[in-house]
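Some notes on the structure that comes next.
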Amino acid sequence: DRYLSSHDDVILFAHNAPFDMGWVQFYELFKESTTEVYDTIQFFKEIFFPQIYKLACEVPNQYKINYDKFPLRNDKPSASLENLCKGFSNDMNNLITKQIGAHDAIVDCNLTIQVFQEGLNLIRHKLK
């Protein structure tokens, strides 16, 4: 309780927030502490993938390889945490190996932060 009361008006970030919120009952835990939950799946589906696709068409030698790294689901890039880790993984962050522990709360939180940062970094010059 002390943590929540000392962190009033925070924005919670979650990947697949409706699932997480239902699972740990965030509505009850945070009903007086926060007014906003941001679902990072929404960012990837509505902002990141459309922008990276546009960039891949405009500057294919620079962005197509990035776009093509993401596994498809129903002919569209998948925004699942596992597939985002595959798409963003490289020798430096090793996200493919890290996602093996996915569905552990701490692992999922860390992966969500990493893929969200990677996504923002890749398209930040296109965000207004």
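In region 49-68, the count of residues that are within 13 Å of the chain's Cα centre (by Cα) and either surrounded by 13 or more Cβ atoms within 10 Å (Cβ to Cβ) or at pLDDT below 95 (or both) is one or more. Apart from one condition, F88 fits all of (1) open to solvent by less than 90 Å² (accessible area, probe 1.4 Å); (2) at pLDDT 90 or above; the exception is (2). Within region 60-85, residues that are farther than 12 Å from F49 by Cβ reach partners that are surrounded by fewer than 12 Cβ atoms within 10 Å (Cβ to Cβ) with beta carbons closer than 8 Å, at six or more positions or on different chains, in the pairs S80/R73. Y27 meets each of the listed conditions (1) under 21 Å from R124 (Cβ atoms); (2) open to solvent by 30 Å² or more (accessible area, probe 1.4 Å); (3) at pLDDT below 95 apart from (1).
The values are calculated or read from the model by the stated rules, or taken from the named source; none is laboratory data. Please read these numbers as outputs of a predicted model, since none were measured by experiment. Neighbour counts are summed over all protein chains in view; Cβ atoms, including those assigned to glycine, are modelled from backbone coordinates with ideal geometry. SASA here: full protein model, heavy atoms, side chains in, ligands and nucleic acids out. Shrake-Rupley method; radii C 1.70, N 1.55, O 1.52, S 1.80 Å.
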